[in-house]
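Written below as structure tokens is the structure these notes are about.
The values are calculated or read from the model by the stated rules, or taken from the named source; none is laboratory data. Keep in mind that what you see is a predicted model, and the values were worked out from it rather than measured. In this analysis, Cβ positions are derived from the backbone assuming ideal geometry, glycine residues included, and neighbour counts consider all displayed protein chains. For the accessible areas, the whole protein counts, side chains as well, though only heavy atoms, and no ligand, DNA or RNA atoms are used. Shrake-Rupley method; radii C 1.70, N 1.55, O 1.52, S 1.80 Å.
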Amino acid sequence: MIVVFLGPPGAGKGTQAQRLVEEKGFIHISTGDLLREAVRNQTPLGLKAKEYMDRGELVPDELIIEMIKEKLPEGGNVILDGFPRTIAQAEALDKMLAEMGKKVDAVILFDVPDEVVVERLSGRRIDPKTGKVYHIKYNPPPEGVEVIQRDDDREEVIRKRLEVYRKQTAPLIEYYEKKGNLVRIDATKAPEEVYRDLLNALGIS
Ligand code: AP5
């Protein structure tokens, strides 16, 4: 099963993906995580991507498509988190999957208003050792776990990421609605309820 997670920054895509990996054995491919790893390792891709990420802009399509081509697994249940993010990426994904005899089986749209995004992202903290995602108010890290804040979780960059989402990524809602495989989830609910709705949407018990 190939599942696309679509939604604004901070909607909770990574949080829910983490749980589907732990409890249901999904393979999680997050273009944001892959890019941050490339930046940390100072690879040619990372060096190019960093300036776009720091500004809250999208990394150019050709770099992203190339990166995904290398990472798409042959089998297993896959969550694509943060990809595709433009119509060009969605078309490239359809082509890649068709060559493998596959297709996007479900697109989950995590619906949240902008005020919620800003509150969630400004309170987000990450454990750099495990990559686990926490929130200072909604999901505080356990005592003794040292956490850091992502460089692009500053308010002015969050606003820019939201603007980029509305302009460049939101058109994908119509793209997938036309294909008939988009399911909207109310992502303002508590993580447990969002997870339950997600399992229902995917037909998993
Ligand atoms: P990326 O890493 O993909 O960032 P994003 O889409 O902005 O998504 P986030 O990781 O910020 O949010 P999330 O929805 O996963 O929320 P989370 O679960 O952490 O991309 C970063 C950058 O990389 C982009 O700006 C771009 O430059 C580049 N990039 C990546 N992919 C690209 C592509 N395909 N093309 C071009 N460029 C690309 O939750 C957020 C917080 O809320 C956490 O603190 C969490 O604990 C809390 N929380 C989660 N759920 C709930 C809940 N239900 N209730 C209360 N709190 C909650």
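Annotation: per residue accessible area for the chain equals 53 Å², rounded to a whole number [probe 1.4 Å, protein chains only]. In the range 60-195, the DSSP beta bridges split such that about 50 percent are antiparallel, to the nearest 5. Loop-located GluC sites (Glu not before Pro) in the range 85-187 (DSSP state other than H, G, I, E, B) with a sparse environment of at most 16 neighbouring Cβ atoms within 10 Å: Glu143, Glu146. Under the criterion of Cα pairs below 8 Å and six or more residues apart, the relative contact order for the range 85-149 equals 20 percent. Site-free segments of the chain were taken between trypsin sites (Lys or Arg not before Pro) in DSSP loops having at most 14 other Cβ atoms within 10 Å, sites themselves excluded; the longest one is 1-102. Rolling a 1.4 angstrom probe over the range 4-137 with all protein chains present gives an accessible area of which 51% lies on carbon and sulfur atoms.
Computed over the range 87-205, the percent of Cα pairs more than 24 Å apart is 44.
Here the calculated FRET efficiency for Ala88 and Glu51, from their Cβ-Cβ distance with R0 = 30 Å, stands at 0.90, rounded to the nearest 0.05.
Under a model in which nothing but the beta-carbon of Lys, Arg (+1) and Asp, Glu (-1) is charged, the chain shows a dipole of about 40 debye around its Cα centre.
Ignoring everything except DSSP H segments at least 4 long, calculate the 222 nm mean residue ellipticity for the chain; use -39,500 (n - 2.57) per segment, divide by total residues, nearest 500.
Values: 9 runs with 98 residues, N = 205.
The per-residue figure over the chain is -14500 deg cm²/dmol.
In nm, what is the difference between 0.36 nm times the number of residues separating Asn41 and Lys129 and their Cα-Cα distance? Show your work: numbers first, answer last.
Values: separation 88, 0.36 × 88 = 31.68 nm, distance 1.49 nm.
Result for the pair: 30.2 nm of gain on full extension.
For the chain, the fraction of alpha-carbon pairs lying more than 20 Å apart is 57 percent, rounded to a whole number. Between the C-alpha center of the range 85-161 and that of the range 1-20 there is a gap of 7 Å.
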